[in-house]
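First up is the structure itself, then whatever we jot down about it.
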């Protein structure tokens, strides 16, 4: 890894610490974090950033033409566009509840795409 300095606002807890990471001497040196989460977050951001993806997929149902979904974990940041492209081809044809799996192990990331809203039709 090249020697460099890096600063990021940690989002692992509500404190939002500004964490500085310096690897110029071959080892990671952290400053600014108020808990260990900041160190891990900054190191991950510098070496292999991860994100939770939230988006929508199309459905066949007129009362809910799109369904909000998300990953059930974090995926590599550089794969977000590929995952969104893959999801653009998904069409949900069965009603599904909150947490239902839309796509398992999307692009071999180890994460599933799950529903964040229920599609159960309310009968009046």
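The values are calculated or read from the model by the stated rules, or taken from the named source; none is laboratory data. Remember, predicted model here, so these are calculated numbers, not experimental data. In this analysis, Cβ positions are derived from the backbone assuming ideal geometry, glycine residues included, and neighbour counts consider all displayed protein chains.
Quick notes
- Within region 1-41, tally of residues that are within 15 Å of residue 74 (Cα to Cα) and part of a helix (DSSP H, G or I): 2
- Evaluation of residue 28 against the conditions (1) under 30 Å from residue 117 (Cβ atoms); (2) surrounded by 13 or more Cβ atoms within 10 Å (Cβ to Cβ); (3) in contact with a strand residue (DSSP E or B) (Cβ under 9 Å, 6 or more places away or on another chain) shows that the sole unmet condition is (1).
- From 75, 69, residue being touching a strand residue (DSSP E or B) at 6+ places or on another chain (Cβ under 7 Å), modelled with pLDDT of 95 or more, more than 16 Å from residue 57 (Cα to Cα) and surrounded by 15 or more Cβ atoms within 10 Å (Cβ to Cβ): 75
- Counted residues, region 80-107 - those being in contact (Cβ under 8 Å) with a residue 24 or more places away in the chain, part of a helix (DSSP H, G or I) and touching a strand residue (DSSP E or B) at 6+ places or on another chain (Cβ under 9 Å): 6
- Residues of region 42-75 satisfying the condition of being part of a loop (DSSP other than H, G, I, E, B) and over 30 Å from residue 119 (Cβ atoms): 48, 49
- Hey, residue 100 more than 12 Å from the chain's Cα centre (by Cα), surrounded by 16 or more Cβ atoms within 10 Å (Cβ to Cβ) and over 25 Å from residue 9 (Cα atoms) or not: yes
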